[in-house]
Amino acid sequence: MTAVQRVELLTLEAWDLLGEDELWRSELQEGVYLRFPNPSLRHQSALMELGVAQLYQQIPAPLRLIPSVDVIVDGSFPPTVRRPDLIVVADHPGDDAITVDHVVLIVEILSPGTRRQDLVTKRSEYADAGIPHYWIVDLDGGPSVEALRLQDGAYVGDVVTGVLETAVPFDLRVDLTALA
């Protein structure tokens, strides 16, 4: 016999009251509190290389690159709050919560514990929310990036290895081999 456990859905207010968790990476999916292991050393090294060494130098003002911060994907009840590896925002008013209307690009680096979330669930959520660009970085067998852009409500794009050169969402050249 299987027991059913009732799950209490969180509001954004309840989510905010939880505060920061240093042991786990947490997100809110349609009101359900999710916990994931913190990223590995390999993941964090790739994040620093991609974000600090490469993207930060190339992002034009007034855009801003922000690592590992909560993004309110859907603020209605039950809410969804994600914590992407990197985001690029435009016109963000400082210390306020980051909502999808400020996000130009989301970058997720695949990890064993979040792979399905990043490839399936978040892809769908981010497209539904209207986030114009979504990159999925895979460190295995490459590394590679699936550079997606929103077109007619769905993401389209190509998987790139070696060097990614693009003019959207802005002029960029990313050496993916440096992420290995």
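Of everything in the range 67-111, what is acidic (Asp, Glu) and either open to solvent by less than 40 Å² (accessible area, probe 1.4 Å) or closer than 18 Å to TRP24 by Cβ (or both)? Give them in sequence order.
Within the range 67-111, ASP70, ASP85, GLU108 qualify.
Among the residues of the range 112-132, is there at least one that is at pLDDT below 95, of a type in the set (Asp, Glu) and loosely packed, with under 14 Cβ neighbours inside 10 Å? Scanning the range 112-132, I find no residue that is at pLDDT below 95, of a type in the set (Asp, Glu) and loosely packed, with under 14 Cβ neighbours inside 10 Å, so the answer is no.
Residues are listed down the side, and each one gets a yes or a no for (1) in contact (Cβ under 8 Å) with a residue 12 or more places away in the chain; (2) not in a loop (DSSP other than H, G, I, E, B):
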| residue | (1), (2) |
| --- | --- |
| VAL88 | yes, yes |
| ASP91 | yes, no |
| ASP95 | no, no |
| ILE106 | yes, yes |
| GLY113 | yes, no |
| ARG116 | no, yes |
| LEU119 | yes, yes |
| LYS122 | yes, yes |
| ALA127 | yes, yes |
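On inspection, TYR56 qualifies as open to solvent by 50 Å² or more (accessible area, probe 1.4 Å), of a type in the set (Ser, Thr, Tyr) and closer than 22 Å to GLY94 by Cβ. Residues that are out of contact with any helix residue (DSSP H, G or I) (no Cβ under 9 Å at 6 or more places or on another chain), without any contact (Cβ under 8 Å) to a residue 24 or more places away in the chain and open to solvent by less than 50 Å² (accessible area, probe 1.4 Å) were ranked within the range 157-169; the one that is nearest to VAL120 (Cα to Cα) is GLY157.
Number of residues in the range 145-174 that are assigned to a strand (DSSP E or B) and farther than 22 Å from VAL89 by Cα: the value is 5. Of note, ALA61 does not satisfy the criterion of being open to solvent by less than 80 Å² (accessible area, probe 1.4 Å) and either of a type in the set (A, V, I, L, M, F, W, C) or over 19 Å from GLN117 (Cβ atoms) (or both).
Assess whether VAL145 counts as being surrounded by fewer than 19 Cβ atoms within 10 Å (Cβ to Cβ), aliphatic (A, V, I, L, M) and at pLDDT 95 or above. Spell out how you get there, then give the answer.
Working: surrounded by fewer than 19 Cβ atoms within 10 Å (Cβ to Cβ): no; aliphatic (A, V, I, L, M): yes; at pLDDT 95 or above: yes.
Considered against the rule, which asks whether it is surrounded by fewer than 19 Cβ atoms within 10 Å (Cβ to Cβ), aliphatic (A, V, I, L, M) and at pLDDT 95 or above, VAL145 comes out as no.
For the range 32-46, check the following and say yes or no: at least one residue is aliphatic (A, V, I, L, M), within 19 Å of ILE136 (Cβ to Cβ) and either touching a Lys or Arg at 6+ places or on another chain (Cβ under 6 Å) or at pLDDT 95 or above (or both). Taking every residue of the range 32-46 in turn, at least one turns out to be aliphatic (A, V, I, L, M), within 19 Å of ILE136 (Cβ to Cβ) and either touching a Lys or Arg at 6+ places or on another chain (Cβ under 6 Å) or at pLDDT 95 or above (or both).
The values are calculated or read from the model by the stated rules, or taken from the named source; none is laboratory data. All values derive from a computational prediction rather than experimental measurement. Neighbour counts run over all protein chains shown; Cβ positions are idealised from the backbone, glycine included. The protein model used for the area step is the full one, side chains on, heavy atoms only, and it has no ligands, DNA or RNA in it. Shrake-Rupley method; radii C 1.70, N 1.55, O 1.52, S 1.80 Å.
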